[in-house]
Structures are given as C-alpha cells and as structure tokens.
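The values are calculated or read from the model by the stated rules, or taken from the named source; none is laboratory data. Nothing here was measured: the structure is a model prediction, and the numbers come from that model. Cβ atoms come from the backbone with ideal geometry, glycine included; neighbour counts cover every protein chain shown.
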C-alpha cells in the first residue's frame, strides 16, 4: 500500500475526482455503480512506478522518490496509459491502461451484480480491483502469464481487502478451473478468439476483446450460444491494447519488412491512392483493407540517404509494393512499384473501390460469426461475401 501524507492524500482525492468527471463528460463512464467503483479504487494505488508515453514527455516516475512524489501523483492521473514494464530489448510488455479505456471496457462488458467474470491480463491489478468492488471478489477471476504481475496485483488487492481469484496462466487457454463465466474481458489484443473462451462462457454470456489485424484493430463484443457458436459485432469504440502473449499466439507477430520492398526492381506505374490511405477517415478503411487483403503487412521503410517508402508485403509469397511518401498533392499521381506473385497495390486499390461502393462502412457495420469448429467470419449486410479471421 502506498502511504500518502494528509496533503498528498487530499491532492490524490482531488485528482481522482477530476479524472472521474472527465470520464463522465467524455461519455466513457455512464453507470453509477462503475462510477462508485472508480471513486473507491483510486488509480495511484496500482501505479507505484511507471514511464509516461512519449506524447507526455516520456519521463519515469517512482512513488519511492519522496522528493518527486507530488510529480508522480499528478502523472498518475493523466488520462493516458502508463508504461509499467519493458523486456530485455526495451519493448513495452505491460501498462496500466488509460482510464478511458478501462471505463469503456467495463461499461461495454455489461457485467453486473451476480455475474462471474474472467479477466484476461491482470497487469497492475487495477481492473481486477474495480471488478471486485462492483461484483464482489468471489465473482472475479483474473489471469496473467507473468507471475510477478500476479504477485504484485495480489498485494495491492489484499491491502484494499479484495480477494479475487488470481492465477498465473496462459490467457489464450482461459481458466477452466472456475468456468463457466458470464463475461470474459480481455485487456490484450489478439488475432483470433480462442476456442477455450467459447467453451468457458456460459450460454448467453459475452466475450469482450480487441481483435487486431495487420492494419488495425477494434473492440468486439460476442454473445455465446448453447452450441458454442458466438455472434456479435465490432463496436464504435477504438482501443489499443498490446498483443496477448501466449505460445499459441506469439507476442511479436509481424516480421520485419523485406529489404526487397525498397531495393528490388519491379513493375512500375502511377497511382492516385495516397500512401496515408490506411490512416485516413479514422482508420476505418484500414479495417476493411485487412479483410480484403489477408496475409498482407504494412509499414514504413527509410532508405539511408534516400526516400521514405510506404510498403506492403506478403511474407508468405514474397510479394511487395512500395510508394514514395514524399510530401505533395495527395490527389496527384505518384509512382508505385510492385513485385512478386501478388500485386499488392492493385489489391489495395480494388479494396478501396469496394469500400467506397459499400458507402465507406465503419467497423461497427460488420458482424462476426464464430462457429463451433473454429471458423471465424466477418460479414457486411451489403457485401456478397464473408471474410475469414484471423486477419
């Protein structure tokens, strides 16, 4: 437990109340019961040490530094993710999610008194604490693949008199020991909803998770039937979680772009589709493009003493495409070069044309069907096909 003197405790209360008002004003926190949980479970108790994201300066903060404790406390209550752990290569592997994200997940989960909940990804323990305060500790199970996170979360929860079931486990496999669950909530992104989650969800129960493809991800809410068929749709809320770490879903999913994408000769022509097309319109086209172009990866590659290229690649076939990202009229023709067995820029243009013909559908316009045999299909009511997951 982090002990604060009376002045800092008053500041913590003020900052927490201000954060809650911000969440309410944004429409992220709408249920009185969840608002009460946020009031009783302040964020600073679960973030004793962290680094701010780059957009807030990237500074590191530690509650143990008494000379900077007020600075630490004020940093905790930014409505941003707090970066709490990195691996040996300096890659971020854990964070305390932004309060807006946490509130949005809890509200969309539909969890209410009497529901049993499985949280995938314990992390700092803050979400597990909020769930336990609202639903009761006996209704909450939370798992994480990292034993240190679980031990730290247990200490923080114990200090608040909360005792949900915490376990070190591969979240991809769920946690059958306490199944079935009325709600499964995943605070990590994944490419495919695992069969174990369907098996461990009570008929009529729901799964809330971020399904992320090569270009974009979106929150999805699924309802599981008695025959373990799941139906649902993507939600209008866009979140950004780190990938679920599991042997069944490797943490680093995307191989580096092949150097051939920027160095090899290929077939060239011009295009009016700007390199930033996957970032336009709130990235809603990016969601559709990854459905239409399975197996395609995207990214930027800078040539030393040369241009910056936006590249598409297919690691399986070696196909590639590149477009110079140099500033200019976004509507002007610009050269595109392609190589390999697929013409990836041609496919991107065709996907863009189909997206326009469908009246620029957003992710929430698509439905998802997951069959008991593991097929995962995405559909749009105006399209004549279904697309398969993973993306």
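For residue 159, the stated conditions do not hold, so it cannot be described as without any contact (Cβ under 8 Å) to a residue 40 or more places away in the chain, surrounded by fewer than 24 Cβ atoms within 10 Å (Cβ to Cβ) and out of contact with any helix residue (DSSP H, G or I) (no Cβ under 7 Å at 6 or more places or on another chain). Filtering segment 61-93 to residues that are assigned to a helix (DSSP H, G or I), surrounded by 13 or more Cβ atoms within 10 Å (Cβ to Cβ) and in contact with a strand residue (DSSP E or B) (Cβ under 8 Å, 6 or more places away or on another chain) leaves 68, 72, 75, 76. Is it true that some residue in segment 328-344 is at pLDDT 90 or above and at positive phi? Among the residues of segment 328-344, at least one is at pLDDT 90 or above and at positive phi, which makes the answer yes.
Identify, please: which residue in segment 296-314 is modelled with pLDDT of 85 or more and under 22 Å from the mean Cα position of the chain (by Cα) and is, among those, nearest to residue 380 (Cα to Cα)? Checked segment 296-314; the qualifying residue nearest to residue 380 (Cα to Cα) is 296.
Only residues that are more than 28 Å from residue 51 (Cβ to Cβ) and not in a loop (DSSP other than H, G, I, E, B) were counted across segment 117-139, and they come to 7. For segment 279-308, a residue qualifies if it is under 17 Å from residue 389 (Cα atoms) and in a loop (DSSP other than H, G, I, E, B), and the qualifying residues are 293, 294, 295, 296.
Scanning segment 368-380 for residues that are touching a helix residue (DSSP H, G or I) at 6+ places or on another chain (Cβ under 8 Å) and either closer than 17 Å to residue 235 by Cα or part of a strand (DSSP E or B) (or both) gives 370, 378, 380.
Results for (1) at pLDDT 90 or above; (2) over 13 Å from residue 269 (Cβ atoms); (3) assigned to a helix (DSSP H, G or I), shown as yes or no for each residue.
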residue	(1), (2), (3)
316	no, yes, no
323	yes, no, no
326	no, yes, no
350	yes, yes, yes
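Checking 58, 114 one by one, the residue that is more than 29 Å from residue 202 (Cβ to Cβ) and part of a loop (DSSP other than H, G, I, E, B) is 58 and no other. Scanning segment 372-391 for residues that are closer than 17 Å to residue 224 by Cα and surrounded by fewer than 14 Cβ atoms within 10 Å (Cβ to Cβ) yields 372, 373, 374, 375.
Scanning segment 178-214 for residues that are out of contact with any strand residue (DSSP E or B) (no Cβ under 9 Å at 6 or more places or on another chain) and either buried (at least 24 other Cβ atoms within 10 Å of the Cβ) or free of Cβ contacts under 8 Å to residues at least 12 places away in the same chain (or both) yields no hits at all.
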